[in-house]
Amino acid sequence: MYWQGIYKGVNTTWLRWSTLDGQLLLSSEEIAEQEQQRAEKEKQRAEQEKQRADNAELQLKQVAANLLQQGMNVQQVAGLTGLSELEINQLNN
């Protein structure tokens, strides 16, 4: 298949491999670029998930602190929040 584009800095018409239905087969550079983009998206997704988890933990600790202020004991707060008694005791400090 003939393809107009830039390859290795040269803009011209190139002969490229393609499937029978005309889909271009990717060059090694294009495959590497796609993989780099996929890896970057995955990194961003992982960072967003970490941020979400960190925010959820902060909210849970705030709820625990509020429960302590309302007069619940450490064991009750641990039972409701799933936090350890040690984590709850650290909120008081």
**Asked** If the chain between Asn55 and Lys41 were fully stretched, how many nm would it gain, using 0.36 nm times the residue separation less the Cα-Cα distance?
**Response** 2.9 nm
**Request:** Between Met72 and Leu91, with labels modelled 7 Å along Cα→Cβ, what's the label distance in nm to one decimal, could you check?
**Result:** 0.7 nm
**Relative contact order of the chain, pairs being alpha-carbon contacts under 8 Å that are 6 or more residues apart, as %** = 13 percent
**Request:** Mind giving me the nanometre distance, one decimal, between the label points for Asn11 and Ser27, set 7 Å out from Cα along Cα→Cβ?
**Result:** 1.5 nm
**Request:** Order the peptides 60-66, 48-54 from the highest to the lowest mean number of other Cβ atoms within 10 Å of their residues.
**Result:** 60-66, 48-54
**Relative packing of 5-14, 23-32, 77-86, which averages over residues the other C-beta atoms within 10 Å, highest first** = 77-86, 23-32, 5-14
**Message:** Please compute the Kirkwood hydrodynamic radius over the stretch 2-91, one decimal place, Å, based on all pairs of different Cα atoms.
**Reply:** 18.1 Å
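Read the figures in this text as sums done on the coordinates, not as results from a lab. Keep in mind that what you see is a predicted model, and the values were worked out from it rather than measured. Ideal geometry is used to build each Cβ from the backbone, glycine not excepted, and the neighbour counts take in all protein chains shown.
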